[in-house]
Structure formats: C-alpha cells, structure tokens
C-alpha cells in the first residue's frame, strides 16, 4: 500500500537539489579525514600539548553539537535555505582563519568557529531533504544518498589531503572548503526551495549555553586527568559540568517549546536509535584518528601513502550507505543495525592485536571490518528518527539526529583520546628512559612529540626513544580498540532488544516500518 500518491513524488529538480545539499556533507567528511592525516604535521609545527591536540580535533564537534538544535530552530524561523547559505559563507571564511593559524590556541579558536558555522549547515541539509522528498521510499533513498555523501568525502578526502600534505603545509587542507562553499552559494538560490515553519519555536540560547558549557566542562576535567593526573581543579570542572547538565535537563522538562523534546526519548525505538548513533560514532571517530596516526607515526608512512591505505574505508562507507535502504527493507532495522555492530566488534578485536609492520594486515582487516559494520548504521538510525517527524518540525528533528552524530563523535575523541593519552603517558614514564627532562616531557605528551624529540638526540638515543614511544602507542591503541569492541557488543544487544516489535508513532518509511 502506497503511503503517498504520485503528486507527492520528487521531480528531477529535487534530485538535482539533493546533489547541491550533498556538497557540504562531502566537505564535512573530507575535512575530518584530512585533519586526521594532518595531525603529525601540525603537531610538529605548532607543538601542542596532548590536551591541546585533543581540543584541536574535537572542539569542532562539541560546538557543532551544542548549537545544532538552536540552528535547527533558527532555520525553521528564517528559512532553511537562507541559513544554509549564511553557514556556507561563515564556514568558508573561518576555514581561511584555521589555515593560517600560527599557534595551538589560535587553531583551537578557529576550529571552534568552524563548529558553530557547521551547525548552520547540518540541520539545514537534512530538514530540506525531509521537505523536498515527501514520498516515504524516495525519502529513504534520499537519506541514504545524503549519508553516502559523507562516505564519499571519506573516500576522496584522504587522497586529496594526502597529495596536499605531500606538497603544501598542513593549513592548506582547510582551504579545501573555500571553493566548495562558493559553489554552494552560487547553486543554492537556483536549485533549492525555501522552507519556513510559521509556528517555529523561539531561539533558546540559554539552553544551548547550558548544554555546551556542561559538556565542555566535563571534557576539560577528563582531559586534565589524562594529562596531569587527578586534581581538585579537574574534579571541580567535572562537577560543574554535571551540575550544568542537570540544570539543562530540568529546563527542557519545563519549557513549552524545549530545545530537545525529552519525550522523544520515552519511545523505545527513537531513544534506542539515538543512543546507538552516539555509541557508534563514539567508537568510530576515535578509531579513525588513531589509525591515521598509526600509519604515519608508527609505520613511518608519508601522508599520501597513509591516505591511500585509508581510502578503502571511504569506499566501503559509500557502498554500505547505498545498500542500506535495500538491507533495511529485506532484513529490518534491528537486524541491520545489530549485525553491523557485531561485525564492528570483530573489527575492533582484530585491531586490538595490531603490532608493527608485520601485522599491518591485521590492522587493515580489522579497520575494514569496522567500516563495513558501521556503513549502514547512519542511514538506518537517521531514517528511524526523521520519518517520525512532521514536516514543520523537520529542523528540530534533524537537529536531534545530527546532534547524536556530532556529540557521539566528539565525545569519543575526547574520552577515548584521553584514555589513549593517559595510557601512553604512563607507559612512556614506566619505560625508564635515561634522557634529558625536556626530552622526556616532549615524548610524554604525544607520539608526535616523541618523534620530534628523537630528532634532537644522537641516533642511538633517538632510536631508543622512538622504540619506546611506538611500543607505548601500540599498547594504548590495543586498549582503546578493546574498549571499542566491548561497546560495540553492548550496542548490538541494545539494537536487537529495543528495535524489534512496535514501530515508533508517526509516519515511518516502509523500509523501517516493515522490518523493524
């Protein structure tokens, strides 16, 4: 039985418009992958501490997640196409600032601005898709293409970034955004319709500030513990963050038009889909970062060679995203998501056994299995959430879905990155190297710092330091991979248990409704 008639089916204009909406999605994924490849280079140039390096990587995701809901509401009020164009111009400008940063602090600031500007792009693209594709089956396919555009960026990003890093300075990777954003500004007014919600809620900047400040305070405390050990200031930061989070949750329960409708989480399917999204991105983003560092800093690959080794993961995500609608229709959301997470756990188990170059095949087998398992999850969970949302609330719904992506990814880099940093620092300390104090301090911060410190030493001493640093990194990598395997199994159990049976209320696509 068709849920919509032929007059609601998208035309050629909508499908061409979808290609325009894919541009910022491709850019986002390219930017993330390229940054992972650029980490060794910017570490050598800016010499950030372990904590600063983590902030450079994930301040973007935290501010993006913190402002997504507010920007979703703003798009409902001023127009989603208009917000998309404002965000494109802001993102292009802040990319230039990031490219020419001359200190770790400046790059952290620029990455924060990029996160805020990206928050205007993400909900606009997904909510426009919800309004442009009213037919259930077409919308599921459109969402699959939307998710696949992220994967396409992941496939070509390492190749383009590897070439640029091979011949230019690390800041050049940020300049990739400028021509893409200019193209979007030219095409959007011609090919994209404008949508507004006449009943859009008010902008809740207080809630946005509470959510973002609470998360950043907790993460600051965690990173402080990883870098300097347990202290009163770290405990105080975590306590303040938790208190702000409690105030945020209570505020949402009292508002007539909350930033996040907590009632959505009462439905087992929607709540499970969002929770699984967070866990999946939590383990995935950190794995991509560590693998890129492993290739360059442990195995000594150049950026282009590392990009070539990373590129197959993007191809797998493209194929997985494209096949997701068919898999959902035939197997159901519970089976697709649950089985995918089991495969992801197997991939992490392989990666936990990784050693030096002779074990590269173990790393690649595990990494590709991980990508294969995660590939259809984005389409499946996004379709579950977006299909339940009425058109006039598409901005808010896309904000919730995107928040789970960005928050999960940023949280994974912060927490697992801190675990990795703490383990690495402890193992370097226990190595008992008899080297100058300033050299030991550099080596304890990051493996990139150890590589830079080794260049200051005599060949024999430098080789001893590099050997200890690589061993510490590999063992820490194995620890975080083991944590990823455990979390994948727990998320799979959640999917099998909560995504079977009754579908959530609202208009769900046939792919999910028939199989979930």
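The values are calculated or read from the model by the stated rules, or taken from the named source; none is laboratory data. These numbers come from a predicted model, not from an experiment. Quick reminder, even Gly has a Cβ in these numbers, built from the backbone with ideal geometry, and neighbours come from all protein chains shown.
Can you tell me which of (1) surrounded by 24 or more Cβ atoms within 10 Å (Cβ to Cβ); (2) at pLDDT 75 or above is the one residue 122 doesn't meet?
Single failed check for residue 122: (2).
For the condition within 20 Å of residue 73 (Cβ to Cβ), in a helix (DSSP H, G or I) and either without any contact (Cβ under 8 Å) to a residue 40 or more places away in the chain or over 23 Å from the mean Cα position of the chain (by Cα) (or both), what is the one hit in 207, 213?
Sole residue among the options that is within 20 Å of residue 73 (Cβ to Cβ), in a helix (DSSP H, G or I) and either without any contact (Cβ under 8 Å) to a residue 40 or more places away in the chain or over 23 Å from the mean Cα position of the chain (by Cα) (or both): 213.
Exactly one of (1) crowded, with 21+ Cβ neighbours inside 10 Å; (2) part of a helix (DSSP H, G or I) is unmet by residue 349. Its number?
(1)
Can you say whether residue 384 is surrounded by fewer than 19 Cβ atoms within 10 Å (Cβ to Cβ), in contact with a helix residue (DSSP H, G or I) (Cβ under 9 Å, 6 or more places away or on another chain) and modelled with pLDDT of 70 or more, as far as the supplied structure shows?
no
Can you find a residue in segment 46-56 that is surrounded by fewer than 23 Cβ atoms within 10 Å (Cβ to Cβ), at pLDDT below 75 and not in a helix (DSSP H, G or I)?
Within segment 46-56, one or more residues are surrounded by fewer than 23 Cβ atoms within 10 Å (Cβ to Cβ), at pLDDT below 75 and not in a helix (DSSP H, G or I).
Please work out if residue 378 is in contact with a helix residue (DSSP H, G or I) (Cβ under 8 Å, 6 or more places away or on another chain), in a helix (DSSP H, G or I) and either modelled with pLDDT under 80 or farther than 16 Å from residue 139 by Cβ (or both).
Criteria met by residue 378.
Determine the pairs where a residue that is in contact (Cβ under 8 Å) with a residue 24 or more places away in the chain, located within segment 166-195, has a partner that is surrounded by fewer than 21 Cβ atoms within 10 Å (Cβ to Cβ) and not in a helix (DSSP H, G or I) with Cβ atoms under 7 Å apart, the partner being 6 or more residues away or on another chain.
From segment 166-195, the pairs are 166/302; 171/100; 194/79; 195/79.
Does segment 235-246 contain at least one residue that is in contact with a helix residue (DSSP H, G or I) (Cβ under 9 Å, 6 or more places away or on another chain), buried (at least 18 other Cβ atoms within 10 Å of the Cβ) and modelled with pLDDT under 80?
no
Go through segment 437-458 and report how many residues are surrounded by fewer than 17 Cβ atoms within 10 Å (Cβ to Cβ) and either assigned to a helix (DSSP H, G or I) or touching a helix residue (DSSP H, G or I) at 6+ places or on another chain (Cβ under 9 Å) (or both).
6
Identify the single condition in (1) in a helix (DSSP H, G or I); (2) surrounded by fewer than 22 Cβ atoms within 10 Å (Cβ to Cβ); (3) at pLDDT below 85 that residue 300 does not satisfy, given that it satisfies every other one.
(1)
Quick check on residue 161: is it surrounded by 24 or more Cβ atoms within 10 Å (Cβ to Cβ) and at pLDDT below 75?
Judged against the criteria, residue 161 is not a match.
Determine if segment 307-326 includes at least one residue that is surrounded by fewer than 19 Cβ atoms within 10 Å (Cβ to Cβ) and not in a helix (DSSP H, G or I).
No, that holds for no residue.
Working only within segment 181-206, note down all residues that are modelled with pLDDT of 80 or more and crowded, with 20+ Cβ neighbours inside 10 Å.
Hits for segment 181-206 are 181, 184, 188.
Could you grab the pairs with beta carbons closer than 6 Å, sequence gap of 6+ or different chains, first residue in segment 30-47 and over 12 Å from residue 165 (Cα atoms), second one part of a helix (DSSP H, G or I) and at pLDDT 70 or above?
30/153; 30/157; 33/157; 33/158; 43/448; 44/452; 46/104
Considering each of 278, 283, 343 in turn, give the residue that is farther than 24 Å from residue 449 by Cα, in contact with a helix residue (DSSP H, G or I) (Cβ under 8 Å, 6 or more places away or on another chain) and free of Cβ contacts under 8 Å to residues at least 40 places away in the same chain.
It is 343.
From the list 95, 101, which residue is part of a helix (DSSP H, G or I), touching a helix residue (DSSP H, G or I) at 6+ places or on another chain (Cβ under 7 Å) and either closer than 20 Å to residue 184 by Cα or at pLDDT 85 or above (or both)?
Only one candidate qualifies: 95.
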